[in-house]
Amino acid sequence: MHVTSPTRGFVRAVIACAALLSVSCAARAGDRPQAYEVDAGFDTAPQSLYWYKEAIVAVNRDMAKSGFLVRLYGSVAVYDYADPAGATIDGTLWQVDVMPGYQFVRGSETFGGFVGVDFQDSQLSPNDPTNPVRGTVAGLKVEGHYYFQDDKQPIEASLVSEYSTAFETYYAELRVGARLTEKLSLGPAAEVDGTTGYNGQRLGVYGTYAFDLAKDVPLSVTVLGGHQFVSGDGQAGPAGGAGTYGTLELSTNF
């Protein structure tokens with residue numbers, strides 16, 4: 001697929017800034033408490049590839065305590081679909097958001113949320129006037145999340161949801177895992193996501209393994225796989241078409 005976007009350089013610059021943030025702060029990894037979280041991932045589904053990078057900073061410099069947060073997130077989806085005439089359309093959707101937020105930490109439970117601005121740029125080649133997800137838009141974005149994480153408990157759980165007025169984008173995910181060993185968790189995962197004119201649902205299984213890169217620098221590697229369902233005629237959107245999907249996620253705190 002051919003990728004073109006007038007804002008590609010801008011979004012790449014933002015994602016690069018997040019990467020530089022993670023590198024510049026790595027020297028502090030041995031210090032307690034941990035003030036930074038960096039996540040990256042790759043997702044593949046029928047007719048779609050998706051990459052993302054996320055950086056979160058705790059304003060109070062302690063991710064384990066209640067307090068204000070700042071999040072920077074960037075992603076790109078490359079996909080294709082057939083228009084009403086049967087012609088193949090190549091799509092590229094760039095996205096970046098900047099959102100301040102707050103989290104409440106109560107023992108093993110964390111409740112939190114973010115509110116900010118979301119920028120999206122959708123390019124279609126050739127242009128498809130029947131697709132409402134095209135052009136560059138900005139909108140209000142909100143996010144809410146709940147995490148239950150306790151190394152002494154046999155289960156873990158997470159619920160994350162997001163909505164943006166840009167292309168009416170939404171996403172929600174639920175995971176409930178069993179702690180098989182001190183470092184390995186396994187369990188079911190369910191997702192819903194969509195934009196204007198596209199609605200997808202996923203059912204699958206995830207596994208997470210935690211490594212220690214260095215003192216006080218954990219690295220969690222998560223692999224997901226399952227089946228994606230697409231409402232309506234099953235036509236692919238930014239998250240792909242109906243069929244098998246797979247995801248790789250990396251996460252670290254320092």
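A short reminder: the numbers here are calculations on the coordinates, not readings from a lab. None of these values were measured; they are calculated from a predicted model. Using ideal geometry, Cβ is built from the backbone for each residue, glycine included, and neighbour counts are taken over all protein chains shown.
Structure above, values below:
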{"quantity": "Positive dipole terminus of the chain, leading residue within Phe148, Ala242, Thr136 (C-beta point charges)", "calculated": "Phe148"}
{"quantity": "Gain in span if fully extended, Ser220 to Val176, counting 0.36 nm per residue against the direct Cα distance", "calculated": "14.2 nm"}
{"quantity": "Ranked by how many other beta carbons lie within 10 Å on average, peptides 59-68, 202-211 from highest", "calculated": "202-211, 59-68"}
{"quantity": "Point-charge dipole on Cβ atoms (K/R +1, D/E -1) for the range 154-225, about Cα centre, debye to 20", "calculated": "220 debye"}
{"quantity": "Computed Kirkwood radius, in angstrom, where 1/r is averaged over Cα pairs of the chain", "calculated": "19.1 Å"}
{"quantity": "Using alpha-carbon coordinates, inclination of helix 8-25 to the longest axis of the chain, degrees", "calculated": "10 degrees"}
{"quantity": "Length added when fully stretched, Ala138-Ala190, from 0.36 nm per residue minus Cα-Cα", "calculated": "15.9 nm"}
{"quantity": "Label-to-label distance, nm, for residues given as Val160 and Lys65 (7 Å Cα→Cβ offset)", "calculated": "2.5 nm"}
{"quantity": "Contact order normalised by residue count of the range 85-134, Cα under 8 Å, 6+ apart, percent", "calculated": "42 percent"}
{"quantity": "Euclidean distance between Cα centres, the range 102-174 to the range 198-254, Å", "calculated": "14 Å"}
{"quantity": "Mean Cβ neighbour count within 10 Å, used as a protection proxy, ranking 94-100, 157-163 highest first", "calculated": "94-100, 157-163"}
{"quantity": "Distribution of pairwise C-alpha distances over the range 162-254, 5 Å bins, in %", "calculated": "3, 13, 19, 19, 16, 13, 9, 6, 2, 0, 0"}
{"quantity": "Given charges at Cβ of Lys, Arg, Asp, Glu: the chain dipole, positive-most of Ala45, Tyr81, Asn60", "calculated": "Asn60"}
{"quantity": "The chain - percent relative contact order, Cα under 8 Å, separation 6 or more", "calculated": "19 percent"}
{"quantity": "Cβ-placed point charges (K, R +1; D, E -1), dipole of the range 8-253 about Cα centre in debye, nearest 20", "calculated": "620 debye"}
{"quantity": "Phi to ³J(HN,Hα) by Karplus 6.51 cos²θ - 1.76 cosθ + 1.60 over the range 34-40, Hz, x for Gly, Pro", "calculated": "8, 10, 10, 10, 10, 10, 8"}
{"quantity": "Among Thr130, Thr110, Thr244, residue whose mean-square fluctuation peaks in a GNM of the chain (springs only between Cα atoms under 10 Å)", "calculated": "Thr130"}
{"quantity": "Cβ-derived FRET efficiency at R0 35 Å, Val117 paired with Leu203, nearest 0.05", "calculated": "0.65"}
{"quantity": "Note, ³J(HN,Hα) from phi for the range 111-125, Karplus 6.51, -1.76, 1.60, rounded to Hz, x at Gly and Pro", "calculated": "10, x, x, 9, 9, x, 10, 10, 10, 9, 10, 10, 10, 10, 9"}
{"quantity": "Extension gain, Val105 back to Lys183 (0.36 nm per residue minus Cα-Cα distance, nm)", "calculated": "25.9 nm"}
